[in-house]
Amino acid sequence: KVARSFFRILLRAAKKHDKTPALKGLLAAQRLKYYDRSNSNWVDVDTSRANPESIAMLQYFGALTRGGVFYAPEVSCKSLVIDFFKTKEPPFPQSIIEKIRTVDKLDVATAFIRILEGNIAKGRELGITDNIASNTSSLGAFEYSNTVEPGTLLLAHPLMVQPTFTRSIILVVEHNQNGSYGLVVNKRAPFSMHEVLDRLDARSGSSAYENKARKDLEAFRECDVYIGGPVGLQLISILHRFEGLAGAQALGPGVFLQRDLSGALELLRTGTARPTDFRLVMGHAGWGRGQLEGEVGLHCWLPVRLGAAALVQGRGSLAYYALGAPDKVRGPANAGGR
């Protein structure tokens, strides 16, 4: 009965961490320390020794961060606790396995409670337990993906504070041994296409190429403009849902990328499409050889695909995340709203 009571207390603390991602971030940021409520300070854990605190911290912290600088959003704290107490031999180095066997699991449960409850207490002091409450262990419409390929969505880690990519969703366009590039699809530009065209009108001495570009862009005056990343802001990509358009690159069901305007202009000219059927994206995000793999390994980005459950919920369309709400587009391939 005592063991069950301890386990229930521990599960409540683990569920609190799953419900409040900021608590995961707080513990991950301390790098093998836990908050001692009785002394109001952070205590270093000596992981070279096999004691209840080191076993609990190695299990929890190691699995929570998976070697990254941030916590892994797909990891459930509740599952970590359950798996630990169901496993006869936790995945620790063989050099301390024998010592671990001498430690009672009830003592480890007590240490777990001390670590998690202390972290919750510190979170309350900092005011983060009430202000941020969203379960990132549950990915909703998304499913975690072990691979990155064209059409994969990269979700920025909730703790990423780089202004360019905070809360970004990136649609991967290319990924190979030479590098990667993609488009941020959820960052609306702070200016409209109207303003872009007005600025072009105000310029004098434009070349024939610029004049043609200005004329072509006029047809897209009503389009939404998005900032696809910090690289190549002078270049415009078009996202749309028209299969078979010359030069289009398929990125997934109902999502195509166009790097020139000619095909889209023809659809507009014939009335097959309207300007709001297209999303204009200025710039892109780029990574050198192996750079994206390194950032994914550090949990800066969470690669995901849309799961089957999303289709049932009417929200599972790659086209939605790349092209926007269905009232902004039209055609038989329109997907459900978010």
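Testing the spin-label approximation: label points 7 Å from Cα along Cα→Cβ at Asp216 and Ser145. State their distance in nm.
Between Asp216 and Ser145, the simple spin-label model gives 2.9 nm.
By how many nm would the segment from Arg289 to Ala29 grow when fully extended, if each residue of separation counts as 0.36 nm and the alpha-carbon distance is taken off? Write down the numbers at each step before the final one.
Numbers: separation 260, 0.36 × 260 = 93.60 nm, distance 2.81 nm.
Going from the current span to full extension adds 90.8 nm.
Given charges of +1 on the Cβ of Lys and Arg and -1 on the Cβ of Asp and Glu, with all other atoms neutral, how large is the dipole of segment 139-295 about its Cα centre, in debye to the nearest 20?
Magnitude of the dipole: close to 300 debye.
I need the calculated FRET efficiency for the pair His194 and Leu11, taking r as the beta carbon distance and R₀ as 45 Å, to the nearest 0.05.
0.25
Distance cut-off 24 Å, Cα to Cα: go down the list Lys78/Lys187; Lys15/Lys105; Lys16/Lys86 and report the pairs above it.
Too far apart for the 24 Å limit: Lys78/Lys187.
Full-extension gain between Arg66 and Glu174, please, as 0.36 nm times their residue separation minus the C-alpha to C-alpha distance.
Full-extension gain reported as 36.3 nm.
Treat each spin label as a single point 7 Å out from the Cα along the C-beta direction, and report the Asp104 to Asp83 distance in nm.
Going from the Asp104 label point to the Asp83 one covers 2.7 nm.
Go through segment 184-288 and name the trypsin sites (Lys or Arg not before Pro) that are in a DSSP coil and have 10 or fewer other Cβ atoms within 10 Å of their Cβ.
Arg203
Could you let me know the centre-to-centre spacing of segment 36-55 and segment 241-300, using Cα atoms, in angstrom?
For segment 36-55 versus segment 241-300, the Cα centre distance is 50 Å.
Can you compute the FRET efficiency between Asp36 and Thr164 using 1/(1 + (r/R0)^6), with r the Cβ-Cβ distance and R0 = 45 Å? Round to the nearest 0.05.
The formula returns an efficiency of 0.75 here.
Every read-out reported here was derived from the displayed coordinates using simple, explicitly stated rules and does not represent laboratory data. Just so we're clear, the structure is a prediction, and the values are computed from it rather than from any experiment. As a convention, Cβ positions derive from the backbone with ideal geometry for all residues, glycine included, and neighbour counts pool all protein chains shown.
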